[in-house]
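The values are calculated or read from the model by the stated rules, or taken from the named source; none is laboratory data. This structure is a prediction, so every number in the text was calculated from the model and none was measured. Neighbour counts are summed over all protein chains in view; Cβ atoms, including those assigned to glycine, are modelled from backbone coordinates with ideal geometry. All accessible areas refer to the heavy atoms of the entire protein, side chains included, with ligands and DNA or RNA removed. Shrake-Rupley method; radii C 1.70, N 1.55, O 1.52, S 1.80 Å.
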Amino acid sequence: MTTFNDLQLKPELLAGLQELGFTIPTPIQSSAIPLLLQGHDVAGQAETGSGKTAAFGLPLLHSLNTELQQVQALVLVPTRELAVQVRQELKQLGKHIGNLKISAFYGGHAFSQERASLAHPPQVLVGTPGRLTDHLNRRTLDLTHAKQLVLDEADKLLEMGFEEEVDQVVAALPPSRQTILFSATMSEGVKELIADSLQHPKFVKATATTI
Ligand code: ADP
Ligand code: MG
């Protein structure tokens, strides 16, 4: 059986995983992580609780450049609760990576505080569509160095009516990026979003929840 040690992740990440008590990757993690480390765009379908955060989070943390203070990875999530939760899990996974800043931007946070914090941009930014488009419209956020985009809970992003905001955020990133989409279901809307935002995606699907 695959363990995290077989996935060729940085030792700093293996230390974070060990502290979290994660030893065996979940099915979505063992199928998505190698593809993401190879640089593919990935569209993944797996139910809630199947470990999707670490499935995109580990490759993302593995490949970013901590010497560079620019937003290198953007994670789009539908709600502020998820923004807080995903940031927290990424922070725990990346705890042993030096010089790493992860921020979460969402409605209900003071916009001015977020803008001020961008004087020292995080390498990883987690945010909700409304708040991120506010920053883009007010030209306070530079996404031109972003190399990775994660659309997390894509079905919910669309169900909640964020299609336009998602399109605007996607358009603000360089086309040469890696794009990762995770969803619990593959609705027609999600399939369209994949067709519009991902390049030659690999599809991964995990049905059983094993945590
Ligand atoms: P999803 O996004 O698919 O709903 P999460 O990424 O939030 O699921 O993970 C669900 C829970 O499982 C979280 O508490 C997370 O810390 C835990 N978890 C994730 N991967 C593993 C693993 N490989 N081993 C043990 N626990 C894990
Ligand atoms: Mg999730």
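Brief remarks follow.
- Taken together, the residues in region 99-123 that are out of contact with any Asp or Glu (no Cβ under 8 Å at 6 or more places or on another chain) and either basic (Lys, Arg) or in contact (Cβ under 8 Å) with a residue 40 or more places away in the chain (or both) amount to 5.
- Only residues that are more than 11 Å from ligand 2 (Cβ to nearest atom) and under 19 Å from residue 131 (Cα atoms) were counted across region 84-99, and they come to 3.
- All positions within region 29-83 that are more than 19 Å from residue 148 (Cα to Cα) and in contact with a strand residue (DSSP E or B) (Cβ under 7 Å, 6 or more places away or on another chain): 46, 50, 80
- Any chance residue 61 is in contact (Cβ under 8 Å) with a residue 24 or more places away in the chain, open to solvent by less than 10 Å² (accessible area, probe 1.4 Å) and either among the charged types (D, E, K, R) or under 21 Å from residue 179 (Cβ atoms) (or both): yes
- Residue 149 being in contact with a helix residue (DSSP H, G or I) (Cβ under 6 Å, 6 or more places away or on another chain) and either outside any loop (DSSP other than H, G, I, E, B) or at pLDDT 95 or above (or both): no
- Test: residue 67 is free of Cβ contacts under 8 Å to residues at least 40 places away in the same chain, more than 15 Å from ligand 2 (Cβ to nearest atom) and among the acidic types (Asp, Glu): yes
- Yes/no for residue 94 being closer than 26 Å to residue 195 by Cα and crowded, with 19+ Cβ neighbours inside 10 Å: no
- Residue check, residue 45 in contact (Cβ under 8 Å) with a residue 60 or more places away in the chain and open to solvent by 10 Å² or more (accessible area, probe 1.4 Å): yes
- Only residues that are among the polar types (S, T, N, Q), open to solvent by less than 70 Å² (accessible area, probe 1.4 Å) and touching a strand residue (DSSP E or B) at 6+ places or on another chain (Cβ under 9 Å) were counted in region 162-211, giving 6.
- Residue tally, condition of a type outside the set (S, T, N, Q), within 13 Å of ligand 1 (Cβ to nearest atom) and in contact with a helix residue (DSSP H, G or I) (Cβ under 9 Å, 6 or more places away or on another chain), over region 70-82: 4
- Scope region 25-56; condition near ligand 1 (Cβ under 6 Å from one of its atoms) and either part of a loop (DSSP other than H, G, I, E, B) or within 18 Å of residue 72 (Cα to Cα) (or both); matching residues: 25, 26, 48, 49, 50, 51, 53, 54
- Comparison of 19, 12, 67 shows that the only residue that is in a loop (DSSP other than H, G, I, E, B) and either within 12 Å of ligand 1 (Cβ to nearest atom) or at pLDDT 95 or above (or both) is 67.
- Residue list for region 160-189, filter: touching a residue at least 40 places away in the same chain (Cβ under 8 Å) and not in a strand (DSSP E or B): 160, 162, 166, 169, 173, 184, 185, 186
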